[in-house]
Amino acid sequence: MSITGILSAAAVVGAVGIFVGLFLGVAGIRFHVEKDEKEEAVLAALPGNNCGGCGYAGCSGLAAAIAKGEAPVNGCPVGGEAVSGRIAAIMGVEAGSQERKVAFVACMGDCEKAKEDYEYTGQHDCRIMAFVPGGGPKSCSSGCLGFGSCVEACPFDAIHVVNGVAVVDKEKCKACGKCVEACPKHLISLIPYKAEYVVACSSSDKGPVTMKACQAGCIGCGLCARNCPAQAVTVTDFHATIDQEKCTGCGTCAEKCPKKCITRT
Amino acid sequence: MNMEYVKELLVLLIGSSLVSNVVLSQFLGLCPFLGVSRKTNTAAGMGVAVIFVITLASAVAGVIYEFVLVRFHVEYLKTIVFILVIAALVQFVEMFLRKSMPSLYEALGVYLPLITTNCAVLGVAITNVQKEYGILTGIVNGFATAAGFCVAIVILAGIREKLEYNDIPAPFKGMPTVLLTAGLMAIAFCGFSGLL
């Protein structure tokens, strides 16, 4: 190859490069889109897990929504008050207090307490239990199936199946709500982190039915409701519910509960 | 345009999209094929973005080749020049869409910049040159190839969605199954070779 060949090659590639560069530069100015500075600052403040717990496609989605004012500054359930405070400073508004929440599995029917109708040896997945006779091996129709679909869904390793029942690690839980969606029995809900006492059962079957299926099932006896000094407990559909707003955390309900299905969190 | 030419383009259309499918028989663009085929709608998004970019890229690359490289007798520089041009093109398209068609920009999303590094785009541009297609024939070839990619990725995504809930032995979970599926699809696509 002669020197002219090398030179012409360099010239052609160089010229194309310069042309393309200039073209892109001009286009960059021509087609400049104002990007919100706030949006970028908010995105930097968000945790960046892209867990989707906020309901947007990812952290960038939430950042865009916050910058536009469509989402509240405390829209990120994962970051908690630290992140919402920083975002509030960027947006120039008051953060407002965001109560920390945690997921809670309303079932205590572990391998000893809950009866099983039969031994199940199939695939371990809660979602296919709808196709299994009796909705799964456990006698209780609203008990934790214990096959860990919630464990799979958790991006923070905060929920585990212990002795046949899913248990949430309160400290690790970021309340993103993935497990709430994953549970086919709808046993998981978000409760305030500060909640002292909770009813760890979801059965709304009649007392005797629950009694037969599980030793730790709420039979709807109403002892808790009658004894609560703050009237925070109500019993509907043979199932006790504690109003966390009214609950003072005295623990009378847990003491009186004959099935011990009201527990401290 | 005479009948003979139209017929030739039709044959090319079928040949490039189905018979010598870009992923399943040329093994180009495997990265997005395996990476973005988890869900049918994202796969379709990627497919459409690829059709858009490849069609445009084969037109631009064809023009550059014809009027710059051939003219200066530096055809051997096609790879480096095409890479340059395609990367710049994708950047430009992204800017353009963002300004003038924000809805399409939103729909294509992250897939547009991802395609910059898709070797199928460069593959088509180089095939066009190697087979000595003209500019129009090159554009048709580009469109057909990209359509073949779109069909393949959407089918794979559909199969992967169905496989999700199957009880697959642990060693085969995830990528191995996807690769086996892709292999079986490639065998199935061999059946199209009887068309031409």
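Every read-out reported here was derived from the displayed coordinates using simple, explicitly stated rules and does not represent laboratory data. Model, not experiment: these values are computed from the prediction. Cβ coordinates were reconstructed from backbone atoms using ideal geometry, including for glycine residues, and neighbour counts include every protein chain displayed.
Data table
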item	result
Rounded, prolate or oblate (a/c below 1.5 giving rounded, otherwise prolate when a/b exceeds b/c) for segment A:195-265 by Cα gyration tensor	prolate
Cα convex hull of the protein assembly as shown - mean projected area over all directions, nm²	30.8
Nitroxide proxy distance, nm - points 7 Å out along Cα→Cβ at B:Ile187 and A:Asp157	4.0
Under 10 Å, Cβ to Cβ, from A:Ile262 - net charge with Lys/Arg +1 and Asp/Glu -1	+3
Neighbour count of at most 15 Cβ within 10 Å plus DSSP loop: longest GluC sites (Glu not before Pro)-free window in chain B	B:1-131
Proximal lysines to A:Lys259, defined as alpha-carbon separation beneath 25 angstrom and excluding residues fewer than eight positions away on the same chain	A:Lys113, A:Lys115, A:Lys138, A:Lys170, A:Lys185, A:Lys194, A:Lys206, A:Lys212, A:Lys246
Cα shape, segment A:37-91, gyration tensor, a/c 1.5 rule	rounded
Loop-located trypsin sites (Lys or Arg not before Pro) in segment B:90-189, at most 16 other Cβ atoms within 10 Å (DSSP)	B:Lys131, B:Lys173
Peptide-level mean, for B:95-101, of C-beta atoms on other protein chains within 10 Å	3
In chain B, lysine pairs closer than 25 Å at Cα, eight or more apart or cross-chain	5
DSSP-loop trypsin sites (Lys or Arg not before Pro) across segment A:160-265, with at most 16 other Cβ within 10 angstrom	A:Lys170, A:Lys172, A:Lys194, A:Lys206, A:Lys246, A:Lys260
Around A:Val13: net Lys/Arg minus Asp/Glu count, Cβ-Cβ under 15 Å	+1
10 Å-binned pair-distance histogram of segment B:22-195 (Cα, whole percent)	10, 35, 32, 18, 5, 1
For residues of B:162-173, the mean tally of beta carbons on other chains within 10 Å	1
